[in-house]
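Worksheet for the structure shown next.
Each reported figure results from applying straightforward, stated rules to the coordinates on display, with no laboratory input. No experiment lies behind these values; they were computed from the predicted model shown. Virtual Cβ from ideal backbone geometry, glycine too; neighbours counted across all protein chains shown.
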Amino acid sequence: MATVTASHLVSTVCQVNSHGADTKAANLICMKNQAAITHNGLRFLNMLDRLQTRTNAKAVARQAVKQDNPRPWGKIICGKGLNLVFVGAECGPWSKTGGLGDVLGGLPPAMAANGHRVMTVSPRYDQYMDAWDTSVLVEVKVGDKIETARFFHCYKRGVDRVFVDHPMFLEKVWGKTGSKIYGPNAGVDYKDNQLRFSLLCQAALEAPKVLNLNSNRYFSGPYGEDVIFIANDWHTGLLPCYLKSMYQSRGIYMNAKVAFCIHNIAYQGRFPFSDFSVLNLPDRFKSSFDFFDGYETIDAAHAGILESDKVLTVSPYYAQELISGEDKGVELDNIIRKTGITGIVNGMDVQEWNPATDQHINVQYDASTVMDVKPILKESLQAEMGLHCDRNVLVVGFIGRLEEQKGSDVLAEAIPRFIGENCQIVILGTGKKAMEEQIENLETQYPDKARGIANFNVPLAHKIIAGSDFILIPSRFEPCGLIQLHAMRYGTVPIVASTGGLVDTVKEGFTGFQMGAFNVK
Ligand code: ADP
């Protein structure tokens with residue numbers, strides 16, 4: 001059987017013109033090529049069709065099993081369904097800079113499928129096409145002003161997606177400013193982030209009471225007061241404080257609980273101590289925010305940890321690292337040792353990251369077709385990157401925020417040591433300007449071997465995961481990491497630093513490789 005290569009996917013008749021032939025000759029060659037390409041194209045389609053049929057056959061079989069054993073969506077299988085309210089600064093796919101957005105996007109539908117009633121509350125940073133104005137308004141005190149926030153809503157995959165609309169989110173982030181979720185540039189925060197996220201927390205506490213949601217046939221009306229809030233990272237550290245000071249002190253939400261989940265302890269929301277007054281909290285909360293780092297500082301993650309009912313993090317190994325000392329616990333190790341912490345390893349969104357249905361890749365595949373399809377996707381990636389198409393060249397991928405945490409700087413410096421081998425490297429990331437320039441320069445330094453794309457590009461992330469042989473994750477620390485999970489699901493081998501959730505998820509020598517003693521310092 002003829003080998004199918006990705007060059008079939010990229011050959012176009014019009015390439016003839018770019019060879020500079022005169023028009024008549026070009027037309028002739030074009031016609032000749034058209035015949036050849038049609039012929040090749042058909043062979044290629046047949047081959048791909050066969051691969052696709054093999055991939056689909058399993059899905060059809062799975063569907064048939066499902067139909068024989070119907071488990072209607074929403075059936076409660078865990079005894080008692082809970083009312084869960086996830087609150088976060090990001091919620092994929094509407095807003096995402098990394099794993100926080102992925103988790104708020106993927107975990108809630110999984111919880112809903114287990115019979116819980118689930119809502120997410122996150123900011124409305126853009127005019128999301130699929131979320132509608134509920135016309136429900138709430139007034140909350142932010143700093144010394146009364147602000148009106150509006151709720152937008154959509155219902156997807158069993159989850160009520162609630163978006164808090166206020167100029168502090170919408171105008172700042174996309175609007176005309178073209179800036180980012182947390183600040184005007186990567187690594188720079190908006191000066192009023194403590195106020196922006198104070199608004200988010202207060203709106204999130206109102207949402208279960210005021211939104212009359214009837215999207216689902218198992219539940220109706222407001223969620224009410226019997227809820228569990230899952231607060232995520234420092235942006236929601238104020239939530240348990242407001243719950244106690246504004247509601248429970250008045251007999252509201254008496255059964256409500258808060259779980260505070262640490263996705264990355266490196267981000268804590270530290271502000272000058274004088275800012276405590278703009279949070280509108282009673283003085284008795286001062287000690288929960290009080291953080292001594294040589295300056296007078298308040299720390300929102302510190303308060304979230306101390307005021308919540310339960311502290312969680314995204315992997316068991318990271319939980320151990322957090323309490324191991326000042327370095328990995330970023331000076332919150334002492335209070336986490338007191339409260340205790342449970343590490344639950346992150347999952348991935350198996351609907352978004354499914355090679356059998358992924359619309360971002362040219363050919364879908366599963367375990368039965370992976371060996372045939374991956375070389376095609378590798379060549380397709382090489383072609384898209386403008387690299388020489390050759391399935392025998394090893395392709396190494398890297399995707400991630402360009403920050404010291406992810407070790408992209410070390411990777412860029414290590415490239416000269418291995419680039420002489422029969423390999424190519426593709427790096428996708430956004431972040432610090434200097435690091436973006438560092439990866440963009442790779443193409444000039446190694447035109448035949450390396451590409452660095454400083455862009456946030458979800459389709460390309462899928463193509464790199466599917467088309468690479470190896471995915472490198474040389475992080476200095478990594479609370480869980482999702483990229484290695486995506487890689488393993490796509491038959492791509494992760495090579496990871498031995499830190500955090502990478503230790504929990506990549507089984508050395510079986511599902512990938514650990515760097516162990518070669519860890520980045
Ligand atoms: P972190 O949360 O620390 O950024 P994770 O590994 O938990 O890291 O999650 C990163 C997520 O963000 C993954 O889904 C990854 O594909 C995505 N991602 C990171 N950088 C980019 C980028 N430049 N373009 C597209 N997706 C990206």
Query raised in the report: Here are some pairs, Lys96/Lys172; Lys156/Lys244; Lys286/Lys310; Lys80/Lys209; Lys378/Lys432; Lys338/Lys406; which of them have Cα atoms lying more than 25 Å apart in this structure?
Result: Lys156/Lys244; Lys378/Lys432; Lys338/Lys406
Requested in this report: Could you please state, rounded to a whole Å, how far the C-alpha centre of region 247-296 is from the C-alpha centre of region 412-435?
Outcome: 41 Å
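Can you put Met254, Met129, Met47 in order of Cβ neighbours within 10 angstrom, beginning with the fewest? Before the final figure, lay out each step's value.
Working: Met254 10, Met129 7, Met47 18.
Ordered by Cβ neighbours within 10 Å, fewest first: Met129, Met254, Met47.
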Report task. Once every Cα of the chain carries one equal point scatterer and solvent is ignored, give the base-10 log of I(q)/I(0) from the Debye formula at q = 0.07 Å⁻¹, two decimals. Result -> -0.45
Report summary line: The answer for Gly407, listing residues at least 5 apart or on another chain whose modeled amide H is closer than 5 Å to its amide H, is Arg476
Report summary line: Per the charge dipole of the chain (beta-carbon charges, Lys/Arg positive, Asp/Glu negative, Cα centre), the residue among Tyr182, Phe229, Leu411 reaching farthest to the positive end is Phe229
Query raised in the report: Got a sec? Which residues in region 410-450 would a label at Asp189 touch, if it sits 7 Å along Cα→Cβ and we count backbone N under 20 Å?
Result: 431-433
Query raised in the report: Long-range amide H contacts for Leu428: which residues qualify at under 5 Å (H placed 1.01 Å from N, peptide plane, sequence gap of 5 or more or a different chain)?
Result: Phe398, Ile399, Gly400, Ile453
Report summary line: Calc'd 3J(HN,Hα), region 126-135, phi into Karplus 6.51 cos²θ - 1.76 cosθ + 1.60 (θ = phi - 60°), Hz, glycine/Pro = x, comes to 8, 7, 4, 4, 9, 10, 9, 6, 7, 6
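Region 83-343: D in µm²/s via Stokes-Einstein (Kirkwood Rh, Cα pairs, 25 °C, 0.890 mPa s)?
On the way: Rh = 18.5 Å.
My calculation gives 133 µm²/s for D.
Cut-off is 10 Å between beta-carbons; in what order do Trp353, Trp132 appear when sorted fewest neighbours first?
Trp132, Trp353
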Report summary line: With x for Gly and Pro, the residue-by-residue ³J(HN,Hα) of region 224-234, computed from phi through the Karplus equation 6.51 cos²θ - 1.76 cosθ + 1.60 at θ = phi - 60° and given in whole Hz, is x, 9, 8, 10, 10, 8, 10, 8, 10, 6, 4
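Below 8 Å between Cα atoms, with a sequence gap of 6+, how large is the relative contact order for the chain in percent?
Values: 975 pairs, mean separation 59.8, N = 521.
Relative contact order, the chain: 11 percent.
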Requested in this report: Relative to the longest principal axis of the C-alpha atoms of the chain, give the angle of the C-alpha long axis of helix 458-467, reported between 0 and 90° and rounded to the nearest 10°.
Outcome: 50 degrees
Query raised in the report: So how much slack lies between Lys209 and Glu413, counting 0.36 nm per residue of separation and subtracting their Cα-Cα distance, in nm?
Result: 68.1 nm
**Report entry** 0 to 90° range, to nearest 10: angle between helix 23-68 axis and the chain longest Cα axis
**Finding:** 50 degrees
Query raised in the report: Normalised by the number of residues in region 369-514, what is the relative contact order in percent for Cα pairs under 8 Å and 6+ residues apart?
Result: 23 percent
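What number comes out for the charge environment of Ile465, summing +1 per Lys or Arg and -1 per Asp or Glu over other residues with Cβ under 10 Å away?
Numbers: positive: Lys463, Arg489; negative: Asp358.
Taking every other residue near Ile465 into account, the sum is +1.
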**Report entry** Helix 99-113 axis, angle to the chain major axis (alpha carbon atoms, nearest 10°)
**Finding:** 80 degrees
Query - Beta bridge orientation in the chain: antiparallel %, DSSP, nearest 5 - result: 35 percent
Query raised in the report: Using the 10 angstrom Cβ neighbour count as an exposure proxy, how do His486, His360 rank, fewest first?
Result: His360, His486
